[in-house]
Amino acid sequence: MAEPLRKSNRVPVVATGILALVIMASTVYLVHYYGETRPTVAEEQSGRIHSATIHSRTVYLTSEEYALVITTHVLAVVSAGVFLGLLLRSIRFSRS
């Protein structure tokens with residue numbers, strides 16, 4: 001039988017939740033920032049060739065910007081998944 005979680009064992013769950021929230025907010029901020037500040041026409045000479053549609057507006061990003069957007073999205077999804085997994089595990093153990 002599993003031992004119920006003590007309050008001190010919930011600190012990692014709360015910390016992971018806060019970290020996930022910060023990563024998600026950063027991702028949203030970055031996407032909106034790029035949507036407002038990047039050109040709406042491709043500029044091959046400056047490397048802005050990757051199109052991204054943000055709120056029905058197409059902007060063009062460099063390879064580095066595009067990679068950063070993809071990376072932050074992946075981090076946001078993974079951190080949310082880790083948080084939910086830890087939360088569900090702590091709830092399961094606290095009920096036993």
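Among the listed residues 20, 25, identify the single one that is assigned to a helix (DSSP H, G or I), surrounded by 13 or more Cβ atoms within 10 Å (Cβ to Cβ) and at pLDDT 95 or above.
Matching residue, one of 20, 25: 20.
Could you check segment 37-70 and list, in sequence order, the residues that are under 25 Å from residue 80 (Cβ atoms) and either assigned to a helix (DSSP H, G or I) or touching a residue at least 40 places away in the same chain (Cβ under 8 Å) (or both)?
Across segment 37-70, the qualifying residues are 64, 65, 66, 67, 68, 69, 70.
Collect the residues in segment 41-96 that are β-branched (Val, Ile, Thr), surrounded by fewer than 17 Cβ atoms within 10 Å (Cβ to Cβ) and more than 17 Å from residue 25 (Cβ to Cβ), keeping them in residue-number order.
Residues satisfying the conditions are 41, 49, 53, 58, 62, 70, 91.
Name the single residue that is modelled with the highest pLDDT among those in segment 71-91 being over 30 Å from residue 37 (Cβ atoms) and either of a type in the set (Val, Ile, Thr) or outside any helix (DSSP H, G or I) (or both).
82
Can you name every residue in segment 60-79 that is hydrophobic (A, V, I, L, M, F, W, C) and touching a strand residue (DSSP E or B) at 6+ places or on another chain (Cβ under 6 Å)?
Selection gives 61 alone.
The values are calculated or read from the model by the stated rules, or taken from the named source; none is laboratory data. Just so you know, these numbers come straight off a predicted model, no measurement behind them. Reconstructed Cβ throughout: ideal geometry from the backbone, glycine too, with neighbour counts over all protein chains shown.
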